[in-house]
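**Q** Let me begin by handing over the structure; questions about it come next.
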Amino acid sequence: MNPISNKMLALSVRLSDLSNKIMRDPRTKNALGFAMIGVLAAVVFSMAQPTDRTGTLTAPLPIPMMMDGKQVGKTTAPTGTKVQILQEDEGKFLVATLAGRAWTESVTTTPVPPEPEKPENEKFRNLPTGKEFTPSSNTALEAEVLELTNAERARFNLPPLTWNESLAEAARYHAADMAADQYFSHDSKDRTNGFLRTVGKPFERIHRFDPSGCAENIAYNQPSPRKTMSDWMNSLHHRTNILSKDVRTLGVGYVLGYIVQDFGN
């Protein structure tokens with residue numbers, strides 16, 4: 001269970017305990033007590049995470065609060081709440097929240113995105129031949145990394161780099177290789193029976209795609225290209241590659257969260 005799920009579970013337990021206490025104590029069985037439940041429920045709703053089939057409320061939804069099979073009050077799930085869709089019937093949806101369930105027409109369904117296909121390990125055994133084609137996970141992101149690189153170079157009066165598709169293929173191959181064997185290194189590695197072994201050095205790999213390759217930057221699981229560039233510029237080794245006067249071209253590869261820059265002279 002992830003940390004958010006733990007928090008949701010804890011809040012839902014607190015909500016249930018508070019509801020029972022309020023309903024059994026005549027001194028708190030009033031509007032103030034229900035307001036307290038509503039506040040806590042709103043917090044829970046705001047933290048709800050999508051499940052297998054989910055939706056988003058497009059209007060507030062009253063949720064009956066049940067105890068011992070009887071309705072003892074109600075709370076309201078606000079517009080924008082993520083809900084689990086349990087059943088659909090002629091345009092109406094039975095939706096579930098942590099506080100209960102109710103029928104509504106005011107929900108937009110959220111399609112479940114397919115899991116990105118992970119490269120097959122056998123495709124990335126040993127060093128590449130240099131003729132492999134590896135599809136990018138996001139070509140627009142790759143282009144943005146080139147733009148950000150040239151923006152940094154412009155700040156230091158350095159000429160822009162031009163796109164090098166051969167180096168981009170080298171970069172995509174290495175990004176996919178790291179994703180397939182779950183490692184993070186400039187060296188090329190293979191994972192067998194859970195253990196990694198080095199099968200080649202960076203330029204052994206890069207030069208099979210383009211002999212002009214002379215430097216490499218890598219990153220993983222960054223929230224955006226801008227954050228990636230910021231981190232690289234705050235690292236002496238990566239910054240040196242980006243601002244090198246000896247490089248002329250750049251290829252960028254992005255596969256399953258891995259970003260690779262391969263520079264050419």
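The values are calculated or read from the model by the stated rules, or taken from the named source; none is laboratory data. Everything numeric here is computed off the predicted structure, so don't read it as measured data. Positions of Cβ are backbone-derived with ideal geometry, glycine not excepted, and every protein chain shown enters the neighbour counts. For accessibility, only protein heavy atoms count, side chains too; no ligands or nucleic acids. Shrake-Rupley method; radii C 1.70, N 1.55, O 1.52, S 1.80 Å.
**Q** So in region 184-215, with the set limited to residues that are in a loop (DSSP other than H, G, I, E, B) and at pLDDT below 95, which one is least open to solvent (accessible area, probe 1.4 Å)?
**A** In this case the residue turns out to be G194.
**Q** Using beta carbons and a limit of 7 Å, which pairs, at least six apart or on different chains, have the first residue in region 197-225 and touching a residue at least 12 places away in the same chain (Cβ under 8 Å) and the second one open to solvent by 30 Å² or more (accessible area, probe 1.4 Å) and among the small types (G, A, S)?
**A** If the second residue must be open to solvent by 30 Å² or more (accessible area, probe 1.4 Å) and among the small types (G, A, S), the pairs left are F209/S166; D210/S166.
**Q** Could you give me the residue pairs with C-beta distances under 6 Å whose first residue belongs to region 233-251 and is surrounded by 14 or more Cβ atoms within 10 Å (Cβ to Cβ), whose second residue is among the small types (G, A, S) and in a helix (DSSP H, G or I) wherever it lies, and which are 6+ apart or on separate chains?
**A** Once the first residue is surrounded by 14 or more Cβ atoms within 10 Å (Cβ to Cβ) and sits in region 233-251, its partners that are among the small types (G, A, S) and in a helix (DSSP H, G or I) give G251/A168; G251/A171.
**Q** A further question on this structure: Which pairs do you get when a residue that is at negative phi, found in region 134-157, comes within reach of a residue that is open to solvent by 50 Å² or more (accessible area, probe 1.4 Å) and modelled with pLDDT under 95, reach meaning Cβ atoms under 9 angstrom, with the pair 6+ apart or on two chains?
**A** What qualifies is T134/K123; S137/P116.
**Q** Of all residues in region 93-115, count the ones that are touching a Pro at 6+ places or on another chain (Cβ under 9 Å), at pLDDT 80 or above and open to solvent by 20 Å² or more (accessible area, probe 1.4 Å).
**A** 2
**Q** Scan region 77-92 for residues that are of a type in the set (S, T, Y) and open to solvent by less than 70 Å² (accessible area, probe 1.4 Å) and jot them down.
**A** Residue satisfying the conditions is T81 alone.
**Q** Further, regarding this structure: Determine if region 139-146 includes at least one residue that is within 30 Å of Q71 (Cβ to Cβ), modelled with pLDDT of 85 or more and open to solvent by 50 Å² or more (accessible area, probe 1.4 Å).
**A** Within region 139-146 (the criterion being within 30 Å of Q71 (Cβ to Cβ), modelled with pLDDT of 85 or more and open to solvent by 50 Å² or more (accessible area, probe 1.4 Å)), the answer is no, since none of the residues qualifies.
**Q** Cβ-Cβ below 7 Å, separation at least six or inter-chain, first residue in region 62-73 and among the polar types (S, T, N, Q), second part of a strand (DSSP E or B) and open to solvent by less than 70 Å² (accessible area, probe 1.4 Å): which pairs?
**A** Q71/P64; Q71/M65
**Q** Considering only residues that are in contact with a strand residue (DSSP E or B) (Cβ under 9 Å, 6 or more places away or on another chain), β-branched (V, I, T) and within 13 Å of E142 (Cα to Cα), which ones fall in region 212-265?
**A** Scanning region 212-265 gives I218, T228, V252, I259, V260.
**Q** All but one of (1) modelled with pLDDT under 85; (2) open to solvent by less than 30 Å² (accessible area, probe 1.4 Å) hold for K74, so report the exception by its number.
**A** Tallying (1) modelled with pLDDT under 85; (2) open to solvent by less than 30 Å² (accessible area, probe 1.4 Å), K74 fails exactly one: (2).
**Q** For region 216-223, indicate whether the set of residues that are open to solvent by 40 Å² or more (accessible area, probe 1.4 Å), part of a helix (DSSP H, G or I) and of a type outside the set (A, V, I, L, M) is non-empty.
**A** Scanning region 216-223, I find no residue that is open to solvent by 40 Å² or more (accessible area, probe 1.4 Å), part of a helix (DSSP H, G or I) and of a type outside the set (A, V, I, L, M), so the answer is no.
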